[in-house]
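The values are calculated or read from the model by the stated rules, or taken from the named source; none is laboratory data. Note that the coordinates shown come from a computational prediction; the quantities given were computed from them, not determined experimentally. We place every Cβ from the backbone using ideal geometry, glycine too, and count neighbours over all the protein chains shown.
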DNA sequence: ACGTCAGTCAACACCCTGTCGACTGCAATC
DNA sequence: GATTGCAGTCGACAGGGTGTTGACTGACGT
């Protein structure tokens, strides 16, 4: 184990020691402990001592693995963002085939991925305001999603399926923001929310209206 | 002064004492101190001692006026929400006159009101995740906005200006959520943002597309 | 057998919150 | 003009959380 690092750590360089030392297990144990605790109570109500005990170690030892409580969350978020990126995948490359179905799939995957890790995502949304690292990592994911959407809108316009209008990037930001906030309201319950089973339909409808000025995009 | 109350307090019942005692000034001083400090640093980085010293009192005395740091923020939010409600006003009642202009006015006022108190609103957004009272008060404001929008959409449909489609409430929630998140990204910089001068135009465009399935609603 | 280093934790210093009890002074009451 | 009551004030304390230090252990390479 290299001592406490900035938590974005992906590959852990190791010295002349064995490829996997006891420390790896501990680190994983802390991560697992955190995700489990997060399903029970809010991030702010979890102390480092809780995290440490949950992983079977003492508080000072925790600091050997992570520099702070936030760093644990950041590592957790790091994993989720990888999944989220993978989820976006190439859905939008095959947009011309069946626009409605593909856009729906994108929105659906967004919800699925974040829903699967809602405890982590919800915690990050709370910490985002106070922790710059989390804020940046989160912003980076959003940026990638926005970029994919922007590109897809551009392609639809180029093939004549969607009319010109707002700059594609601005439109992509607005729609992605809508999804993010609606998702959050649904799971965090901090505002008027759409029934969970209707969420995707509602969002899709607005997306199609904004992109195609119609509820039903023209087929290829 | 009544001793520490739950901060939503509007009217302060007083005993046989004078109508305005020294305590009122102190309470106002704390509020002013908080709003000033909030413009300089994050809510989490402001201690109760900072708030108290900023108001020229000691920390224990602070507790005579507010039960906690969060309660101060809640009181501040309470004021902003009153303004926000007033801002919405009757804009949407005169929608038939000039739909595009009225919707634009609504979105504009949303931005103006929140922009004028961005320090407080930003702080609330951060605390929202951990404080149930703030979360509820916030949700209540959103609910009122959503309700106003929902009603307006219903009216537009009834007069034949807007086509049927999504339940008006779901549409209202989605659009309002979009505005909220886009506003937040613009001022908190925690994600891809639209240029500040374009924000209203971008949002309006999506609103009109979603409500009227067109960029230009039919005139009365 | 010996040095090194990953890994561990008791104990400490520090900061922040919230409370308690004692104090002050005004203002109504006798 | 003494007395009483209460708004208002704060020093001092208890408690809980964070982050650090320094000493200890044991496995591993030489």
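Observations on the structure shown:
- Being modelled with pLDDT of 95 or more and closer than 17 Å to residue A:121 by Cβ is a description that applies to residue A:182.
- Restricting region A:125-136 to residues that are facing chain B (nearest Cβ under 10 Å) and touching a residue at least 40 places away in the same chain (Cβ under 8 Å), the residue that is farthest from residue A:196 (Cα to Cα) is A:131.
- Set side by side, the residues A:60, A:3 differ, and just one is modelled with pLDDT of 65 or more, within 8 Å of DNA strand C (Cβ to nearest atom) and surrounded by fewer than 11 Cβ atoms within 10 Å (Cβ to Cβ), which is A:60.
- Selected residue (only one of A:121, A:141, A:206 is at the interface with another protein chain (Cβ under 10 Å from one of its Cβ atoms) and either under 21 Å from residue A:77 (Cα atoms) or assigned to a loop (DSSP other than H, G, I, E, B) (or both)): A:141
- For residue A:201: the one exception among (1) touching a helix residue (DSSP H, G or I) at 6+ places or on another chain (Cβ under 8 Å); (2) facing chain B (nearest Cβ under 10 Å): (1)
Every residue, every condition in (1) farther than 26 Å from residue B:176 by Cα; (2) away from DNA strand C (no atom under 16 Å from the Cβ); (3) in contact (Cβ under 8 Å) with a residue 12 or more places away in the chain, yes or no:
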site	(1), (2), (3)
B:44	yes, no, yes
B:74	no, no, yes
B:82	no, yes, no
B:85	no, yes, yes
B:114	no, yes, yes
B:118	no, yes, yes
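- Per the listing B:162, B:174, B:185, the residue uniquely in contact with a helix residue (DSSP H, G or I) (Cβ under 7 Å, 6 or more places away or on another chain), within 23 Å of residue B:200 (Cα to Cα) and outside any helix (DSSP H, G or I) is B:162.
- Taking the conditions (1) in contact with a helix residue (DSSP H, G or I) (Cβ under 7 Å, 6 or more places away or on another chain); (2) at positive phi in turn, residue A:120 satisfies each one other than (2).
- Residue match in region A:54-67 (condition: more than 14 Å from chain B (Cβ to nearest Cβ), out of contact with any helix residue (DSSP H, G or I) (no Cβ under 6 Å at 6 or more places or on another chain) and more than 16 Å from DNA strand D (Cβ to nearest atom)): yes
- Residue selected from region A:68-109 under the condition within 14 Å of the chain's Cα centre (by Cα) and within 14 Å of chain B (Cβ to nearest Cβ), by the criterion farthest from DNA strand D (Cβ to nearest atom): A:107
- In region A:36-53, the residue that is nearest to DNA strand D (Cβ to nearest atom) out of those that are within 14 Å of chain B (Cβ to nearest Cβ) and surrounded by 19 or more Cβ atoms within 10 Å (Cβ to Cβ) is A:46.
- Residue match in region B:159-177 (condition: buried (at least 23 other Cβ atoms within 10 Å of the Cβ), under 24 Å from residue B:39 (Cβ atoms), within 9 Å of another protein chain (Cβ to nearest Cβ) and under 20 Å from the mean Cα position of the chain (by Cα)): no
- All positions within region B:194-210 that are without any contact (Cβ under 8 Å) to a residue 60 or more places away in the chain and buried (at least 20 other Cβ atoms within 10 Å of the Cβ): B:194, B:202, B:206, B:209, B:210
- Meets criteria (assigned to a helix (DSSP H, G or I) and closer than 26 Å to residue B:129 by Cα) for residue A:108: yes
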